[in-house]
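Participant: Pasting a structure below so you can have a look.
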There are 2 protein chains.
Amino acid sequence: MKLTILGCYAATPRTITNPTSQVLEIRNRMFLIDCGEGTQVQLRKNKIKFSKINHIFISHLHGDHFYGLVGLISTFMLLNRQTDLHIYGPKGIKEIILLQLRFSNSFTGYNLYFHELTATESEIIYEDEKVIVKTIPLKHRIYTNGFLFQEKIGDRKLNVQAVEKYEIETCYYQNIKNGKDITLDNGTIIPNETLTFDPIPPKSYAFCSDTMYDETIIPIIQNADILYHETTFLETEADKAEKTMHSTAKEAAQIATKANIKQLILGHYSTRYSNIELFKDEAQTIFPNVLLADDGKSFEFD
Amino acid sequence: MKLTILGCYAATPRTITNPTSQVLEIRNRMFLIDCGEGTQVQLRKNKIKFSKINHIFISHLHGDHFYGLVGLISTFMLLNRQTDLHIYGPKGIKEIILLQLRFSNSFTGYNLYFHELTATESEIIYEDEKVIVKTIPLKHRIYTNGFLFQEKIGDRKLNVQAVEKYEIETCYYQNIKNGKDITLDNGTIIPNETLTFDPIPPKSYAFCSDTMYDETIIPIIQNADILYHETTFLETEADKAEKTMHSTAKEAAQIATKANIKQLILGHYSTRYSNIELFKDEAQTIFPNVLLADDGKSFEFD
């Protein structure tokens, strides 16, 4: 699992910082999460192939989280994309995008599917054989969702030495990886744990931006490996955090502690702070494993 | 008069090039012309004060000319702008912007005036005591206007030595600058041309992007000092220019010649060309005074 931060600053794009967007690579899928203005240039800068993005998740309809979407959709069109593109986001996103395409008399040569979200309880919005994505309903000034990306438990890993020792034919390998025991020609039963190792433990990534401190998300993100949680402000500006329905670094750390998260990543910093290390310092008074997101930074989780 | 190019490349924003946007400073007014994605960052890079922009002219509703507008309007809001903002652009622009503000539950603290354009003949869309702006109806795939910015003829310039010689009181100066003769106490009439110099000749700037070759614009832009004319393609790709309703460098030069333009500026290059000097070379086979626009480049016209 690899996370690349394209932008992680709040509010307006600036010469040196970008609004929210990130790419999650998980089990060979590539998911784009939020798409602030300038995201397509950030994708180019970070050498992420446009063609690999087939699913885009938009948390909410504030500009710093989606104003780059219509441009990216248009660029896909100009690049003659043929593959389906799926957009998951709040109701209204379809109307906004299609209105702009209509006035520009543009038609995508690829299928554009909108999955508009309205639920206020967590729901599964994407699932395939390897990955599942659920919403994390957040509390912000407008309808907002975070997203929980979970790997599914994979096949058990074949113990190659063991299967060769018992001269098991390859046609049985998938059954073995699925957890089945094997009966040899002489009637001996070889238990599955002799022939396999445990599968790679599935990982999960929770993306929560933007939100005020909200303990109702804890059961949804409980035990996640990685939590990206917004922290627009420090505790010194807790009044501003409350007024604008954002979180402080301390509050993000409290959520991470209570949800038994392994690794917390902070982001969505207000541009009023010139030193983002202060966010880490504040969070670490509560929770030890803190990383700071920054534009262009990648995190690999093995 | 000063022109600053924020972006002058066609189609998609890239790491090193930006879609169309430029700032025209004329008689102490600052007009923003087109507003592709990333324009607000380009304004910052070029150190242009956001607060000086009160009028934005949008040629047409293709993304590379206006996808940065909603973000700029939102940033003005976040910066607590109070001054009126006027947007001139094709019908539909108001619906697109207001829909996005509505879904983000945002309200500008300043007055936002939309001047939606539908006319197919040139019309005056802005006028004050020093400047007049007219549309230049263009031929493109969707409804498109260029804009002609004209300085008005200013007051005659006072000949300070002359008015002091005749001991004329300062309360008569404005009358003199308005062209009036002066009668001295002894009855002598001093003709105005003795007391003044000719006013600074008014300048005009014609912005034409995007358009196919179209001679119907010639009477509108006739004798303009500066013409910015798109040239998406070179003659080697004339078929593509025709198909997409764009112009070649040669065609831009032909328009400049026939309209008796003093200075031609080329821009809106297709990103397929790595060497934009080729556009200048091609245009100069027809018209000598050619400058190449490029992102971040400024032109001063005295």
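Participant: Only helical DSSP H runs with n ≥ 4 go in: add -39500 (n - 2.57) per run for chain A, normalise by residue count and round the 222 nm mean residue ellipticity to 500 deg cm²/dmol.
Facilitator: That comes out to -6000 deg cm²/dmol.
Participant: If a/c stays under 1.5 just call it rounded; otherwise compare a/b with b/c (prolate if a/b is bigger, oblate if not). Do that for the range A:157-197, with a ≥ b ≥ c from the square roots of the Cα gyration tensor eigenvalues.
Facilitator: rounded
Participant: Continuing with the same structure: Search the structure for amide H atoms under 5 Å from the amide H of residue B:125, placed 1.01 Å from N in the peptide plane, and list their residues when 5 or more places away or on another chain.
Facilitator: Sorted by chain and number, the residues that satisfy this are B:133, B:134, B:135.
Participant: How large is the charge dipole for chain B, taken about the Cα centre, if only the Cβ atoms of Lys, Arg (+1) and Asp, Glu (-1) carry charge, to the nearest 20 debye?
Facilitator: My answer is approximately 860 debye.
Participant: Assuming a ≥ b ≥ c are the square roots of the Cα gyration tensor eigenvalues, decide whether the protein assembly as shown counts as rounded (a/c under 1.5), prolate (otherwise, with a/b larger than b/c) or oblate.
Facilitator: Prolate shape, in that a/c is at least 1.5 and a/b is the bigger ratio.
Participant: Please report, for residue A:257, the nm distances (one decimal) from its label point, 7 Å out from Cα along the beta-carbon direction, to the equivalent points in the remaining copies, shortest first.
Facilitator: 7.8
Participant: Which of the residue pairs B:45/B:243; A:139/A:203; A:45/A:258 have a Cα-Cα distance greater than 27 Å in the structure shown?
Facilitator: B:45/B:243; A:45/A:258
Participant: Restricting everything to alpha-carbon atoms, can you work out Rg to Rh for chain B with a Kirkwood hydrodynamic radius?
Facilitator: Result: Rg/Rh = 1.06.
Participant: Using unit Cβ charges (K, R positive; D, E negative) and no other charged atoms, how large, in debye to the nearest 20, is the dipole of the protein assembly as shown about its Cα centre?
Facilitator: That gives the protein assembly as shown a dipole magnitude of about 80 debye.
Participant: Amide H to amide H, which residues 5 or more places from residue A:158 or on other chains are under 5 Å from it, using H placed in the peptide plane?
Facilitator: It is A:197, by chain and number.
Participant: Let me ask something else. Can you run phi through the Karplus equation (6.51, -1.76, 1.60; θ = phi - 60°) for the range A:144-161 and list ³J(HN,Hα) in whole Hz, with x for Gly and Pro?
Facilitator: Calculated HN-Hα couplings, in order: 9, 10, x, 9, 10, 9, 10, 6, 7, 5, x, 4, 5, 8, 5, 8, 4, 4 Hz.
Participant: Multiply the residue separation of residue A:262 and residue A:243 by 0.36 nm, subtract the distance between their alpha-carbon atoms, and state the gained length in nm to one decimal.
Facilitator: Using 0.36 nm per residue and subtracting the Cα-Cα distance, I get 3.9 nm.
Participant: Further, regarding this structure: Starting from the amide H of residue A:190, placed 1.01 Å from N in the peptide plane, find each other amide H under 5 Å away whose residue is 5 or more places distant or on another chain.
Facilitator: Long-range HN contacts for residue A:190: A:182, A:183, A:184.
Participant: Residues of the range A:56-99 with backbone nitrogen within less than 12 Å of a virtual label 7 Å along the Cα-to-Cβ line of residue A:2, please, listed as ranges.
Facilitator: none
Participant: Please turn the phi angles of the range B:218-224 into ³J(HN,Hα) values with the Karplus equation 6.51 cos²θ - 1.76 cosθ + 1.60 (θ = phi - 60°), one per residue in order, whole Hz, x for glycine and proline.
Facilitator: For the range B:218-224, the Karplus curve yields 4, x, 6, 9, 3, 6, 4 Hz.
Participant: Can you give the extra length, in nm with one decimal, that the chain gains between residue B:175 and residue B:298 once fully stretched, where that is 0.36 nm per residue apart less the Cα-Cα distance?
Facilitator: 40.6 nm
Participant: Now a separate question. Could you name the aspartates and glutamates whose alpha carbon sits less than 12 Å from that of residue B:94, not counting residues in the same chain fewer than 8 places away?
Facilitator: Answer for residue B:94, where 12 Å is the Cα cut-off: B:116, listed by chain and number.
Participant: Return the loop-located trypsin sites (Lys or Arg not before Pro) in the range A:1-100 (DSSP other than H, G, I, E, B) with at most 14 other Cβ atoms within 10 Å of their own Cβ; answer none if there are none.
Facilitator: A:47, A:49, A:91
Participant: Of A:91/B:91; A:152/A:177; B:134/B:262, which sit over 23 Å apart, Cα to Cα?
Facilitator: In this structure, A:91/B:91 lie more than 23 Å apart at Cα.
Participant: For the range B:99-193, what is the charge dipole size about the Cα centre, in debye to the nearest 20, if Lys and Arg each add +1 at the Cβ and Asp and Glu each add -1 at the Cβ?
Facilitator: The calculated dipole for the range B:99-193 is roughly 600 debye.
Participant: Along the positive direction of the dipole of chain A (beta-carbon charges: Lys, Arg +1; Asp, Glu -1; about the Cα centre), which of A:93, A:82, A:4 reaches farthest?
Facilitator: Of the candidates, A:82 comes out farthest on the positive side.
Participant: Shape of the range A:103-158 from its Cα gyration tensor (a ≥ b ≥ c, root eigenvalues): rounded if a/c is under 1.5, otherwise prolate when a/b > b/c, or oblate?
Facilitator: Oblate is the answer for the range A:103-158, as a/c is 1.5 or above yet b/c matches or exceeds a/b.
Participant: Show me, for the range A:164-174, the HN-Hα J-couplings you get by feeding each phi into the Karplus relation (A = 6.51, B = -1.76, C = 1.60, θ = phi - 60°), rounded to Hz, glycine and proline as x.
Facilitator: Rounded to whole hertz, the list is 6, 4, 8, 6, 7, 6, 4, 5, 8, 4, 5.
Participant: Along the charge dipole of chain A, which of A:146, A:69, A:21 sits closest to the positive end, that is, farthest toward it, with unit charges on the beta carbon of Lys, Arg, Asp and Glu (+1, +1, -1, -1)?
Facilitator: A:69
Participant: Check each of the trypsin sites (Lys or Arg not before Pro) in the range B:101-180 and keep only those in coil by DSSP with at most 16 other C-beta atoms within 10 angstrom; list them in order.
Facilitator: Hits after loop and neighbour filter: B:130, B:139, B:141, B:152, B:180.
Participant: Given a Förster distance of 56 angstrom, what is the FRET efficiency for residue A:119 paired with residue B:83, based on the Cβ-Cβ distance and rounded to 0.05?
Facilitator: 0.85
Participant: Under 13 Å from the Cβ of residue B:146, count the other residues' Cβ atoms, weight Lys and Arg +1, Asp and Glu -1, and hand me the total.
Facilitator: Around residue B:146, the charge tally is -3.
Taken together, the values in this text are just the output of simple stated rules run on the coordinates, not laboratory data. As the structure is a prediction and not an experimental result, all values here were calculated from the model. Using ideal geometry, Cβ is built from the backbone for each residue, glycine included, and neighbour counts are taken over all protein chains shown.
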